[in-house]
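Chemist: Let me begin by handing over the structure; questions about it come next.
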Amino acid sequence: MGFFDQLKNMLSSEVRRTVTTGVNNAASQAANKAKAAANTKKETFTFSSLPKTLAEFQALPEAELKTPFQAGALTVVALCAYAEDREAGTAMLNFLRGPGGPMNPRDLSFINDRFMDGKKYIPYSYFAGATPDNDYTPSKPYTLTVATSAYSFENPGYVRVDLVSGGADSARNITLREKPSEGKWYLWEQFLLSGVRDPKSQNPWA
């Protein structure tokens with residue numbers, strides 16, 4: 001085979017590889033987009049009032065914990081209760097933890113630290129209408145949205161849900177763990193209590 005024939009074959013092989021790679025990449029991107037679309041879902045929950053006791057909390061239909069969305073929404077509700085009454089809020093959070101057991105002193109200390117200096121408004125910031133300008137006063141009835149994304153289902157048996165705060169630029173998340181024998185989802189960990197923008201009444205530059 002002459003030099004030019006060899007060169008021709010080499011070029012043809014390279015073209016085939018390039019085309020094949022391009023097709024595979026396009027197929028992979030399409031599959032990733034389809035997966036993201038399938039995993040992206042939102043559920044909105046509305047509460048006429050927020051529970052003040054564990055009994056009221058357990059009476060909510062969402063307390064069935066049949067979906068990670070329900071468990072995620074009730075995590076916000078429980079943190080709001082904790083901001084007002086630590087004993088009641090602790091009982092609600094322990095209920096959400098289920099087989100994971102009650103919160104330990106370190107868990108409680110972490111939450112208490114987040115609420116220092118009058119920052120009990122943080123969990124309320126996840127409700128619709130709550131913004132820094134109105135000191136994070138939610139619209140009534142209390143409404144919040146829980147969402148999943150392409151990254152929510154990376155670990156089998158766990159789901160990460162996202163919530164948007166009226167005082168933050170990016171979503172915060174909660175991880176829920178499934179107990180298959182019960183068909184329920186329980187609180188595994190939450191990252192909702194990071195700082196948000198100061199409410200207007202506490203902002204010296206407002």
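Chemist: Would you work out which of Ala150, Trp188, Cys80 lies farthest towards the positive end of the dipole of region 52-194, given +1 charges on the beta-carbon of Lys and Arg and -1 on that of Asp and Glu, about the Cα centre?
Modeler: It is Trp188.
Chemist: In debye, nearest 20: dipole of region 136-206 around its Cα centre with unit charges on the Cβ of K, R (+) and D, E (-)?
Modeler: It works out to roughly 220 debye.
Chemist: In the neighborhood of Gly98, defined by Cβ-to-Cβ distances under 10 Å, what is the net charge if each Lys or Arg adds +1 and each Asp or Glu adds -1?
Modeler: After counting each charged neighbour, the total is +3.
Chemist: In the structure displayed, which of Lys119/Lys200; Lys140/Lys184; Lys119/Lys184 lie more than 21 Å apart, Cα to Cα?
Modeler: Checking Cα-Cα distances, Lys140/Lys184; Lys119/Lys184 exceed 21 Å.
Chemist: So if I place +1 on the C-beta of Lys and Arg and -1 on the C-beta of Asp and Glu, and nothing else carries charge, what would the dipole magnitude of region 52-194 be about its Cα centre? I want it in debye, nearest 20. Before the final figure, lay out the partial values.
Modeler: Working: 14 positive and 17 negative charges, 45 e Å.
So the magnitude is around 220 debye.
Chemist: Continuing with this model, one more query. How high is the FRET efficiency from Asn155 to Asp85, r the C-beta distance, R0 45 Å, rounded to 0.05?
Modeler: Taking R0 as 45 Å, the efficiency between Asn155 and Asp85 is 0.85.
We did not get these values from a lab; they are worked out from the coordinates using the rules stated. Treat the numbers as computed from the prediction; the structure is a model and nothing was measured. Virtual Cβ from ideal backbone geometry, glycine too; neighbours counted across all protein chains shown.
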